[in-house]
Every structure is written in C-alpha cells, then in structure tokens.
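Take a look at the structure below.
The values are calculated or read from the model by the stated rules, or taken from the named source; none is laboratory data. Predicted model, so just to flag it, every value in this text is computed and none were measured. Here the Cβ positions follow ideal geometry from the backbone for every residue, glycine too, while neighbour counts run over all protein chains shown.
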Amino acid sequence: MKNSPILVLAVAALSPGSAATLHYDASILQTRFAATEIRRALALTNTQLIEADLTNAADSGNETSFVLAATPEQSSRLATALAVTPPRSSGPQSYAIRKRGATYAVLASDPTGAMYGALDLAEAIRLGALAGLANSDHQPYIARRGIKFNIPLDVRTPSYSDAGDSAQQNIPEMWSFDFWREFLDEMARHRFNVLSLWSLHPFPSMVKVPEYPDIALDDVMRTTVKFDDTFSTSGRDMLRPAMLEHLELVKKISMAEKIQFWRDVMQYAHDRGIDTYIFTWNTFVFGAGGKYGITTANDNPTTIDYFRKSVREMVLTYPLLAGFGITAGENMQNRKDDFSNEKWLWKTYGLGIADAQKLQPGRQIRLIHRYHQTDQSEILDAFKDFSGPLDFSYKYSVAHMYSSPAPIFARETLEKLPANLRTWMTVRNDDIYSFRWGDPEYARAYVRNLPGPDKLAGYYMGPDGYTWGREFISTEPDTPRELVMKKQWLSFMLWGRLSYDPSLPNDLFERSLGERYPEAPAGKLLAASVRASRIIPQITRFFWGDIDIKWFPEACFHHPSKFYDVRDFVKGESMPGAGVMNIASYVNRLAAKQPMEQITPLQVAEQLHADAGAALRLVGELRPAKSKELRLTLGDYEAMAHLGDYYAEKVLGATELALGHKDAAVRHLETALQHWKLYAAVTTAQYKPQLLTRAGFVDLNAITASVAKDVEIARNW
C-alpha cells in the first residue's frame, strides 16, 4: 500500500466533533471524480478537508474512513489490511463495498468499478443511509449501457433529426466543453458507459483527410432559413441549397481546434468510464458532395475512396474512439452487383478500419452493423474478414420504448443470431420529449426482459425526433438552459441504475426524491410519478404506430403535423404481442359472443382513468410546491394525467361509435375535449410550441380545433 500513489484526505466529521478520512489514488481520474462526489456529499454537513497518511487507512479506530481501491492489486492489499472478504467478482466495472468498524472500503476490479462504488458511498451520505450500508458485491447486469445522441454538429453536416427546433438550438452546445463536462458527469452518475454520436455524415466536421483536404470544414454554421415539416423522413434533403445561401456563424474554430475539441471530449468521457462511438446512416455526403467528384452513387470510385480514407482518419485522429456503428440505408441503392450495399460498406468502413489498424497495430475498433434495411447473411458474408469485434444492432421496441416492457419484435432475429455474435438493442424513445417520467417497475421489467449476455452486447437509448442536449422549450428557462438529462433526472437514473443493477429497491428512488424535494412526502411523490408515467405506455400499447413518424402520443399526432381523429382510433391497431385488443377485434368478438382473451378497449380506458385520477389526487395533495423544480414536476404529472383522461374518453367514444352508439360516443368525445383543453392549458403554461423533426409542428392549443372535430365526426357518423 505504501508504494501506491494514493492521495489521502481527511474530512471533518459526519457528526460534530468526529473526523473522517478519504483515501484514493489521485492519478486515476475516475476515482478523482468519485472522490469529488464524496467531498460534495460531506460538504453538506460543513466538513473541512485535511490531509492524512495512507498507512492509517487500515486502522481508523472510531473515525469514519473511506478508502477507494481502483485496481485488483490495490483491492487485494486493502482486503488483507482490513481483514475483510475480497471482492467476489473480478469482471469489468465490478466492485465490492466492505465495512469494518467505521471504515467503508470500495474494492474494485478497475477504475470504473471504483468510481461506481464511490458514487454509492456519496449517495449513501447524501441520503442519510451510510450507517445502514452493508457489505455488498456488485457487477453490471448489462455490460454496456448507452445514450443514443443524434448530434447536430453543423447545418452543413446534419444529423437525422436536425430539421427541428431542439437540434438547431443545440448546435452551439455541441461545441461547448461546458456542455459535455456536465453531460458526461451526469452519464457517469447514472452509470451509463457508452456515448453513441449519430450523424448522417460527420467526417467534414471532425477530420481532415489528407487526400481530400478541401472537404474539412472550419467554423460551425447554422442557417437562418426557417424550418418546416416538409423535410424527407429519410434524411435525404436535410441540407437544402437555400440553407447554404443563408448561413450564420455559430463559432469561429479551425479544423485543428475541432479535432482537439473532440479529442478532449472523448478523453473526458474515458475518464468517466464512458466509451465513445460514431454512428452513420448511408450514403450521405453532406459537406462533401460535389467536391472531387463525390456523389452518393454506390459505384462512384471516388466516393468509395473518400469514405475509406475518412474512416481511416477518424480512427487515427481519435485514439479513444471505441468503434463505429453503420447502417445500410437510408440513402443506398440496393444494388445486387459488386456495388451492393454490404459490399460498399465493406469497401469503405471495413477496409478503412483495416487501413488504420495497419498504421496502428493492435488498435481495436468495434464495428456495430445495424440490421436496418439489410440481411444478416449479407452482413456476415461482406464482413467475414473483419478483424475486430463485430456486433449487430436491432430496434428493440421499434420507436417506442414506452409501450410494453416485453416487446416481441426481436425474437426471430435473436433465434437466428450466430452463437459467437451479439447484438445491441437500440431503445428508441420517441414517445416522451417534454415530460418528466419515472416508473421504477416499468423500467425494471423492461431491463429484465432484455436478452441475456449470450445474445446482448449492450443497448443505447435515445430519440430520433428530439435532441437530448439542453432544453429550449421551457417557459421559465434556467441560465444556462438546463440539460434534458438533468431535467428528466429520475428517468435517466432509473434506466441507468437499473440497467447496472435491476435489483435496486424502490426505496432508493423514493429516498432520492426526498433528498431532492425535502418539502414533499417522498412516498407520495413517487406514487404520483408512477401513476402519471403509466399513461403513455398504456395508450401506445393500445394505439400502435411502430415507427416514430406514425405516432407521437404527446400530441396524438403523426407526420407531417397530422392529428389522429376518432375514425383513426376506430380502425387502429394495437401493439403486437402486448395482449391488448383493438376496437375492431373487440366489436367482432362481442358480436360473436366470444370470450375476451386480451385486455379490451373498455379496460384500457378504465386503467387510463384510474391512473389519471390517482395522479391528479396525489398532485393536489402535494401542492403547493415551494421550489420551482417541484412545481414544474407536479405540472408534468398533472399534464400527463389530463392526457390520460383525454385518451380514456377518446377510446370509449371510438368504441361506442364502432358499436353504433352515436349519442354515447358524442358524450365521451365532448368529455375528451374538456380533458384536452386542461391538458393543453397545463402543458403550454410550462412549454412552448416546437417543431419536431419526425412529427411536425406541435402546438397543443392549435390542435384543440382538431380535437373538437371529433365531436362532429361522431354526430355525423
């Protein structure tokens, strides 16, 4: 222990008159970050830091002591010195917490495990749970837990969701290290360890290719052209000529400075235990098209050469890049010759990575090939010579993670997955953009229903129609604008923490709510969160639109800016495999006097009303709120509750129409209109209307006229 470069800090007592010590290896940045979290937690008791000697770490007497071991060697020596049981797991990200007297030790297999263990200690201090902390061993339930981030780098190199307000407003944030510092710290606190950055064609904004030097883009630009809902949902026209004619400078920055910026971001991510991946759709050449003869044609040899060398440079330029994700679409030609989609991807990404590995022997790059618009056998044939880890990727819930916690769509694909390969799950959240969500049981069930480690490489979670950067829709914005991840902290905490350990009890989340909102009864607040958070999954199971352009439940919308009226609900389909009956099936079985073997539309409406009513009652009991954040949180719960009542009445109205009961349908739809007005009023008091890339322009008050038309549709049925 004496030979380990460990910094020892003593801190003032957790109780008056006592002392505490913090021991950690200051050369390991993950533990340095975690030690800061412990110090911040202790600072809440007005403690003062004092240096101490490491040799006292195993003999703290009655003084509270915290010791962080970040390597197997350190952990072994500490276990011996403290006379405690060594960690049970030596796998990546694993750690044990051992308590001996007043000493709390984190014995980890690696720096990331030490960081997670120390974050547990900091959390226990904040929540007043340190005294009850027991010996425990921890290893990740899911090894790789990621964020899917469609990154709006520049109007000239757009991402898939750039034709929306949140993306355009977040372009400056993507080039702010303050943003990434805050974002990556939050990821680490919630135990996410993969950051995937998705772009149609990121190379001109991130690398300089020696053979194509004029493609590298200095500076960061966006356009003053007003966006609308007419953009292609395939990304093909994400950059229109008029946009290039009306550019505005976001940031003055050279390509060399851009490269250093992203190196720094990836280093900071690494120091938080986070791997960085670049994902692309294909074939897009935004920022490069027209230069050197580059086009989107599969058989253009210049394009192939440019992509191959761009991939090579991305690997060489960023030593901490963990891998690439690639897509055989949305803009490929589906040829069946030597320029087929998969052969093109091998000639560009596969050989580009190989070129880099020749220059950097031993460099490992993981390649994640999405199943999207391709076939597994074609992928395996094209990439049979790939030397690194090769994974697949599947859209697990299509676009709607807030639907069923046990989606069935991947079953057939998983059965065909070769035994030596794994797939990532793309967990798409195109259901909830505005509201704070939090239902531990749903998240826990979803995590437990994911495939096991024999099939699963990991997952990444995120939207396509919204940007998880800073929020720009609040009517009471903070300065600087709040991170979406901080605003929706409970949601990210649930998904990240339960993905690492789904056995975490609800008591942890209740205590966390209590610590954040001390003015409110934590149990009641969690109950309100749960009941409000059940609304959108319930209605999405009932009224199913698989991809995001078919269903945005916050607005009862589909692309482009189109409202689903009561006629659509009458003929709508329910989610496959979710055990929910659509209206047509219900009416047919009723007429045939057949048993109802699934949840009926009437039961869906009943459950929606029950959850909405409980949420509204609890919100009423929790008001008034002293803090702004709690007030807005309760506003979100109230809004989702009114939305639940709206959908309940709409389902009932549609069902009555299908049964030929016009008068009853009109009554339900008139009631639905009143609930919608309440929903719109509460929501627009907190959030501004916005243009969403994949849904259209959402203005809830303006949609009210469409809601009202449902009543007339019923009257004229």
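See the values below:
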item: Those residues of the range 580-628 which are within 30 Å of ASP478 (Cα to Cα) and either in contact (Cβ under 8 Å) with a residue 24 or more places away in the chain or touching a Lys or Arg at 6+ places or on another chain (Cβ under 7 Å) (or both), in sequence order; result: ALA612, ALA615, LEU616, LEU618, VAL619, GLU621, LEU622, ALA625, LYS626, SER627, LYS628
item: Some residue of the range 391-412 being farther than 28 Å from MET581 by Cβ, at pLDDT 95 or above and surrounded by fewer than 18 Cβ atoms within 10 Å (Cβ to Cβ); result: no
item: Filter result for LEU643 (within 17 Å of THR475 (Cα to Cα) and at pLDDT 95 or above); result: no
item: One residue from TRP544, TRP495, TRP551 being crowded, with 21+ Cβ neighbours inside 10 Å, in the same structural domain as VAL194 (by TED's automatic domain parsing) and either in contact (Cβ under 8 Å) with a residue 24 or more places away in the chain or hydrophobic (A, V, I, L, M, F, W, C) (or both); result: TRP495
item: Sole exception among (1) farther than 21 Å from LEU490 by Cβ; (2) hydrophobic (A, V, I, L, M, F, W, C); (3) not in a helix (DSSP H, G or I) for ILE703, by number; result: (3)
item: Selection within the range 519-536 - in a helix (DSSP H, G or I) and either in contact with a Pro (Cβ under 8 Å, 6 or more places away or on another chain) or among the aliphatic types (A, V, I, L, M) (or both); result: ALA522, LEU525, LEU526, ALA527, ALA528, VAL530, ALA532, ILE535, ILE536
item: Within the range 661-692, tally of residues that are in contact with an Asp or Glu (Cβ under 6 Å, 6 or more places away or on another chain) and hydroxyl-bearing (Ser, Thr, Tyr); result: 1
item: Of all residues making up the range 194-216, the number that are outside any helix (DSSP H, G or I) and within 23 Å of GLN267 (Cβ to Cβ); result: 11
item: Options ARG312, ARG272: the member that is basic (Lys, Arg), buried (at least 21 other Cβ atoms within 10 Å of the Cβ), assigned by TED's automatic domain parsing to the domain that holds LYS226 and under 19 Å from TYR349 (Cβ atoms); result: ARG312
item: Test set (1) over 20 Å from ALA714 (Cβ atoms); (2) buried (at least 21 other Cβ atoms within 10 Å of the Cβ); (3) among the β-branched types (Val, Ile, Thr) - ILE599 fails condition number; result: (2)
item: Given (1) over 22 Å from PHE149 (Cα atoms); (2) touching a residue at least 40 places away in the same chain (Cβ under 8 Å), number of the condition THR479 does not satisfy; result: (2)
item: Residue, nearest to LEU456 (Cα to Cα), within the range 131-168, restricted to residues that are surrounded by fewer than 19 Cβ atoms within 10 Å (Cβ to Cβ) and hydroxyl-bearing (Ser, Thr, Tyr); result: TYR141
item: Condition check for TYR318: modelled with pLDDT of 95 or more, surrounded by fewer than 21 Cβ atoms within 10 Å (Cβ to Cβ) and on the phi > 0 side of the Ramachandran plot; result: no
item: Flag for THR85 being farther than 30 Å from SER474 by Cβ, outside the structural domain of LYS226 (by TED's automatic domain parsing) and at pLDDT 95 or above; result: yes
item: The range 604-615 - residue that is of a type outside the set (Gly, Ala, Ser) and buried (at least 16 other Cβ atoms within 10 Å of the Cβ) and, of those, nearest to ALA654 (Cα to Cα); result: VAL604
item: Which listed residue is buried (at least 17 other Cβ atoms within 10 Å of the Cβ) and farther than 26 Å from GLY293 by Cβ, from ILE171, ILE215, ILE259, ILE253; result: ILE171
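The rows are residues; the columns are (1) assigned by TED's automatic domain parsing to the domain that holds LEU320; (2) in contact (Cβ under 8 Å) with a residue 40 or more places away in the chain; (3) outside any loop (DSSP other than H, G, I, E, B); (4) among the aromatic types (Phe, Trp, Tyr).
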site: GLN364; (1), (2), (3), (4): yes, no, no, no
site: LEU367; (1), (2), (3), (4): yes, yes, yes, no
site: SER377; (1), (2), (3), (4): yes, no, yes, no
site: LYS384; (1), (2), (3), (4): yes, no, no, no
site: SER393; (1), (2), (3), (4): yes, yes, yes, no
site: TYR402; (1), (2), (3), (4): yes, yes, no, yes
site: ILE408; (1), (2), (3), (4): yes, yes, no, no
